[in-house]
1. Sort 57, 398 from largest to smallest accessible area, using a 1.4 Å probe on the heavy atoms of the protein chains.
2. Using Cα-Cα distances under 8 Å and only pairs 6 or more residues apart, what relative contact order does the chain have, in percent?
3. What residues have an amide H closer than 5 Å to that of residue 91, excluding those fewer than 5 places away on the same chain, when H is modeled at 1.01 Å from N in the peptide plane?
4. When the gyration tensor of the stretch 25-84 is built from Cα positions, what are the square roots of 5 times its three eigenvalues, in whole Å, from largest to smallest?
5. For residue 340 and residue 73, compute 0.36 nm times the residue count separating them, minus their Cα-Cα distance, and round to one decimal in nm.
6. Using amide H atoms built 1.01 Å from N in the peptide plane, name the residues 5+ places from residue 436, or on other chains, whose amide H lies under 5 Å from its own.
7. Kindly count the pairs of lysines across the chain whose alpha carbons are less than 21 Å apart, treating pairs on different chains or eight or more residues apart as eligible.
8. Before rounding to the nearest 500, sum -39500 (n - 2.57) across all DSSP H runs of length at least 4 in the chain and divide by the residue total; then give [θ] at 222 nm in deg cm²/dmol.
Amino acid sequence: MRGHRVIPQQVIANKRDGGALTPGQMRGLLNAYLDGTVGDDQMAAFLMAVYFNGLGVEELDVMVDVMLRSGDVLDRGMTEGPRVDKHSTGGVGDKVSIVLAPLAAELGMIVPMMSGRSLGHTGGTLDKLESIPGLRTRIPVDRFNRVLASVGCAMIGQTDEIAPLDRRLYALRDVTATVPSLPLITASIMSKKLAEGLDGLVLDVKVGRGAFLTRIAESRELARAMVDVGARRGLAVTAVLSAMDRPLGRTVGNALEVREAVECLSGGGPGDLRELSVELVAEMGLSGKVFNSPDEGRRRAEQALDGGGALERFLRMVAAQGGSLDLSRTGFGLPRAPLTRAVAARRDGIVSGINPRALGYGVIPMGGGRTRQDQDVDPRVGFELQVRTGDAVSAGDVLAVIHGAEDDDLVIGTRVVADAVTVAEAVESDPLPLVIERAAAD
């Protein structure tokens, strides 16, 4: 292996058998993949070995470093103010980033948010944003910096310049079922965020059956790993564990979720979406030293949502990135599915549970998600829930409305809702608190 001095089969076998890789082996394999000497087949085998055997602290640090150095690090440009971002590990109905970026900017932070596309059963912020007519998330770094300087926030995907190795590994993980790997999640998130030149970072680590990590113990371990990676590089990182044992908000599907985020920015929207957004922006403000206490952050966030400042900031960002919304129109001018169908309860009872994973996967065959890296998504399709866990319903009450592009979508969606929304005599189990706990560096 000229130039890298590793034999990929040996490195893969070593990790497959539970061995620890030297920094040279880890660096050599990743750089060989980056320059094309190692192919997707061998890297897929390595990712699977990591999935089963994990990475040690030194191995993880090397992986983060190689991914970070595979591209450029954003400079601070002409922006003034604390540079703070937030990242979610992924959930169903999670449109918080769309609320949070303009809200944090309205409160005095600079938010260079770099997001991803749908991954497995979870939706992607980029796919949601691109349902806004004309909006572009793939823009050059110089334009990104101009938007950031003029608006205070910008939301883009990974550029060719930023962590290109992560972009390739991210797509490969999606199609090889290696997404729920703690070290791979840690390296992916932290390499991108370190490339943003941040002063502070808040991580929303999802817990529950709609998350990639379903157990609190795993989520705590992931939160601690990312906090520690940040601490070793001098970045203030706070992780918040939040509930994903039910969908967040009432909608699942790209344009539907953007509409709900705009409603939240307008002072309305679902209570859980607003509550989590307020909590996370308070943490962002603490990380960036904008607020003196969480209570101050929450109070100011509530004022920005109710007063219209956060919405106005969002509309400026949308326009700066080429998009347009018409708040006077039903649905704000977002694309709308031509077909809808209401799914009704078949019996009296209590909504005992709503399975977010079933809804997340259910959007995919309707065209709203991906099974291959190269697929486009239909922004119009999805589900609009009419009930929450614990609600009492009678036979005939609407549980959810399906938004579909074709008749088959309505058939698929009806089956998905029947599987996802359970009506019984009592609630299956007590739901998780929306905000479970937080972790920060000592």
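The values are calculated or read from the model by the stated rules, or taken from the named source; none is laboratory data. Predicted model, so just to flag it, every value in this text is computed and none were measured. Methodologically, a virtual Cβ is constructed for each residue, glycine included, from the backbone with ideal geometry; neighbour enumeration extends over all protein chains shown. For accessibility, only protein heavy atoms count, side chains too; no ligands or nucleic acids. Shrake-Rupley method; radii C 1.70, N 1.55, O 1.52, S 1.80 Å.
1. Working: 57 95, 398 60 Å².
From most exposed to least exposed: 57, 398.
2. Details: 960 pairs, mean separation 81.2, N = 442.
It rounds to 18 percent for the chain.
3. Distant-sequence amide H within range of residue 91: 123.
4. Details: eigenvalues 171, 47, 19 Å².
Each semi-axis is √(5λ); the values are 29, 15, 10 Å.
5. Values: separation 267, 0.36 × 267 = 96.12 nm, distance 4.51 nm.
That works out to 91.6 nm of additional length.
6. 241, 242, 243
7. Lysine pairs satisfying the spacing and distance rule in the chain number 16.
8. Working: 16 runs with 194 residues, N = 442.
Helix contribution divided over all residues of the chain: -13500 deg cm²/dmol.
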